[in-house]
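So the structure is just underneath, and the comments pick up after that.
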Amino acid sequence: RLVSQEGRPPGLLPQSSGDHRWKPMFLQRPTVQSPGDWHTSVASNLSQADSAHRKAEAKISDSINAIRYANAEHGRQRDYLHTKFEQKIRNTEELAQQLATRIHANKQTTEHSEWSCQKLDDALKALSGPVDLCKQRLTMRSRRPRREQVHDSFQEALLREERELQVARTRLSEAISETQHLMRDLLRQREELQADLEDKKHAHSIDAFCVNKKDAHITSARLDKLYARKSLKEQVLSARERRATETMGTSKEKERQLATLRSVQAGLRLEEKALERWQVNTDLLDACKRKASVAFKATQAEMSLKIEQTEALRQDLARQKKVTELKLSDAQRYLSRTLDKLTLLEKPLSASFQRAQIRAKRTSREAVEDEVSEALQSQHVALQTQKQELLNQADSIRAGIQELDASLQDLTNDMIDKEKALAIDRACAGSKKEALGNHSVGYGRVGSGQRHFPDNLSSKMRATR
């Protein structure tokens, strides 16, 4: 059921204030308008009609002014648009010229970077020979006897040379990687510049087509090639809106030019970076070559010094071995004499012991500590002391003999190890480096009267002669 806001059915009114029953509205009397209200209503209608007339006249005046403004702006807009077209075309041509210049410079930079990268690769491959030689020497020296497994100056020089070569290889590999990365950046930059140049050419052709009236056959003959018509509502703009539109277009054009100039500047920075990379590569090649040469010469010098020292030590060991053998012979002879003296002391000791036993059989009246007993006791103590001293001396001589035997054995083993180590070091000195051609490196017979040639090189042909 429909109920009004006051809670009654529609079309019904209460019969009285205290009566809650409802009565129909058509039973109510109609409202009669007074003369004053009637005059007021007519005057209001006339006033609204006058206001509407004035607004219509104002709008018609605004429309006429807008038409006059559009006609006045038409010529100025044609000239302004033509100027902007010409400026845009010149800007595009200038940007295209800069892009073409940078593309040409990028190609030359890429070619030179490839040449520099090839130089680095050749230098890296050339290090394989010295690295293999250094590893070969380290492998040969690792087979030395345990006694000779010392971290000497020759070993340190070899490890230093190996580190220098590894550092050189690492730096060359890094330089190659950076150069290749730079080449990829140059190629990527060239593709961006080429794409930008193609876009500039395309935009230039479109703008030139818009300006050139000879191409009007593509569009309507009534279309002005220098002005794209718009609706009157779009043309009638306030001064503020027009300035805002022009400012936006100018900013967009500046952004376009700045984007191209940023690409050109990025290309210039890449070219400068490539120039720096070339210089770094050249310096790196010189530094690696110099350090490898210095490390190799230092290794050769330490190797020759090590061979000379080992040979000198071997000769000292041989002399010391002879002296030790003589000392061992003397010690054995004195040990024999000491043992003989101990044998001779057994007889007086036995006699002294027997006398003491015999005198112990005396009667109690005569069993006193007289002078004879004291003399016997003194003799027995003296003999025991001498015997103990001789025993200690014999033990000392035996220990000395054992020590001499051990020393002799150590000297013999040390001599054998020195000879093995000397043979290995001479084999290292006789190793051939591929870059040296028909020459062996170092001194293969140092300590045996071989002549030292300059730059640690001994010619095989001279050796055969």
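The values are calculated or read from the model by the stated rules, or taken from the named source; none is laboratory data. As the structure is a prediction and not an experimental result, all values here were calculated from the model. Glycine gets a Cβ as well: all are built from the backbone with ideal geometry, and neighbour counts include every protein chain shown. The protein model used for the area step is the full one, side chains on, heavy atoms only, and it has no ligands, DNA or RNA in it. Shrake-Rupley method; radii C 1.70, N 1.55, O 1.52, S 1.80 Å.
When the alpha-carbon atoms of region 243-311 are used, the pair Rg, Dmax equals 29.1, 98 angstrom.
For region 38-111, how big is the tail of P(r) above 18 Å, as a whole percent of Cα pairs? Roughly 72 percent, rounded to a whole number.
The calculated FRET efficiency for the pair ALA259 and GLN77, based on their C-beta separation and a Förster distance of 25 Å, comes to about 0.35.
In the distance distribution for region 57-162, Cα-Cα pairs more than 15 Å apart total 81 percent. Solvent-accessible surface of region 241-332, averaged per residue with a 1.4 angstrom probe and all protein chains in place: 63 square angstrom.
Taking all protein chains as present, what is the carbon and sulfur share of the accessible area of region 258-339, in % to the nearest whole number, probe 1.4 Å? Write down the numbers at each step before the final one.
Values: 2770 of 4960 Å².
In region 258-339, the share of accessible area belonging to carbon and sulfur is 56 percent.
Straightening the chain between ASP132 and ARG269 buys 45.3 nm, computed as 0.36 nm per residue apart minus the Cα-Cα spacing.
Subtracting the Cα-Cα distance from 0.36 nm times the residue separation, let me have the gained length for GLN393 to VAL381 in nm, one decimal. All intermediate terms of the calculation are to be shown ahead of the outcome.
Values: separation 12, 0.36 × 12 = 4.32 nm, distance 1.80 nm.
Stretched out fully, the GLN393 to VAL381 stretch lengthens by 2.5 nm.
Note on region 94-209: Kirkwood radius taken over Cα pairs, Stokes-Einstein applied at 4 °C and 1.567 mPa s, translational D equal to 71 µm² s⁻¹.
Among the GluC sites (Glu not before Pro) within region 310-418, those in coil by DSSP and having at most 10 neighbouring Cβ atoms inside 10 Å are GLU366, GLU369. Annotation: extensible slack from GLU111 through GLU366 equals 78.9 nm (criterion: 0.36 nm per residue apart, minus Cα-Cα distance).
Taking the three principal axes of the alpha carbon atoms in region 300-374, the coordinate ranges are 96, 19, 15 Å, sorted in descending order.
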